[in-house]
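To start, the structure under review is shown below, and the notes come after it.
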Amino acid sequence: MNIKKTANFLINFTIKRLAEIFGITVFSLGVLLLLALLTYSPEDPNFIFPDNVKIKNILGFQGSFISDLFYQSLGLISYMFAFTLIFTGINIFRIKEFFLFIENTFFSVIYSIFGCLFLSHFYFDAFNLYINGNGGFVGSYLDKTFLKSLILINETIFYYILIIVTFILFLISINFHPIKFYLIIKKLLQILNKKEKSYSDRSELIREYIPQEEIKNLIQEDLPFIKAENKKDINIKFKLPNLE
């Protein structure tokens, strides 16, 4: 039995540590991708213009190549994918689940499709992404399919539908929970209110941190013989002596 427990403990310990390492790796990849995207320059060497030597990207040639690849394929949706990797790495490290990466990647693919289609159809023009536009070649391809005719039925309705669907899928891909988010905001507001609140009297400070019910419990009740003495003292009548 001890050997079995020890083996289970070692297996669980190993799995948790591997999950933490994997989570840190995914988080690091997301941060590096975000840095590469933020420092992207079309003049940097990439798979289209490889001859330029001067590199402005903070991650060097690898950063310029990867950022250009993402921009030309997914466009501005690449930023959302970078944040998905960052939050996925944090959640894997926190709850120790490898399957979370596959689940979030699945939702990332779906919101990338809707997001690229939205950007290519409604906001194709781009200053830096002059080759494939804001939606990348994925969005350009989708905008040439039957989906374009579907959007043209009512562009106003599909404009908001694509935004809402993309945003909801993105929140799912980062494991966003509205209730937990509300509770975190509520706790932060309570902490800020306590720090900013000033107390003019000591009794206000006591009421703030110690409930009135607990204060009543802290006050010790009078013992029975003390109560009896108090009652006797109250009921005693004094008589003056006679002059005789």
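Could you sort 102-114, 2-14, 131-143 so that the peptide with the highest average Cβ count within 10 Å comes first and the rest follow in order?
Per-residue Cβ counts within 10 Å, averaged per peptide and sorted highest first, yield 131-143, 102-114, 2-14.
Write down the Kirkwood hydrodynamic radius of the range 94-193, to one decimal in angstroms, obtained as one divided by the mean of 1/r over all alpha carbon pairs.
15.7
Can you give me the % of accessible surface on the range 10-165 that is carbon or sulfur? Probe 1.4 Å, all protein chains present, nothing else counted.
74
Order the peptides 61-72, 89-100 from the highest to the lowest mean number of other Cβ atoms within 10 Å of their residues.
So the order, starting with the most tightly packed, is 61-72, 89-100.
Relative to the present Cα-Cα distance, how much length would full extension add between residue 28 and residue 131 at 0.36 nm per residue of separation?
34.2 nm
If I model a spin label at residue 185 and residue 16 as a point 7 Å from the Cα along the Cα→Cβ vector, what separation in nanometres do I get?
3.3
Could you report the range 1-102's accessible area per residue, 1.4 Å probe, as an integer in Å²?
61
Restricting to lysines 8 or more places apart or on different chains, can you count the pairs in the range 1-122 with Cα atoms under 28 Å from each other?
5
Would you mind classifying the range 10-113 by shape? Square roots of the alpha carbon gyration tensor eigenvalues, ordered a ≥ b ≥ c; an a/c under 1.5 is rounded, otherwise it is prolate if a/b is larger than b/c and oblate if not.
prolate
The values are calculated or read from the model by the stated rules, or taken from the named source; none is laboratory data. Just so we're clear, the structure is a prediction, and the values are computed from it rather than from any experiment. For neighbour counting, all protein chains shown are included, and Cβ atoms are generated from backbone atoms with ideal geometry for every residue, glycine included. Note: areas computed on protein heavy atoms with side chains; ligands, DNA, RNA excluded. Shrake-Rupley method; radii C 1.70, N 1.55, O 1.52, S 1.80 Å.
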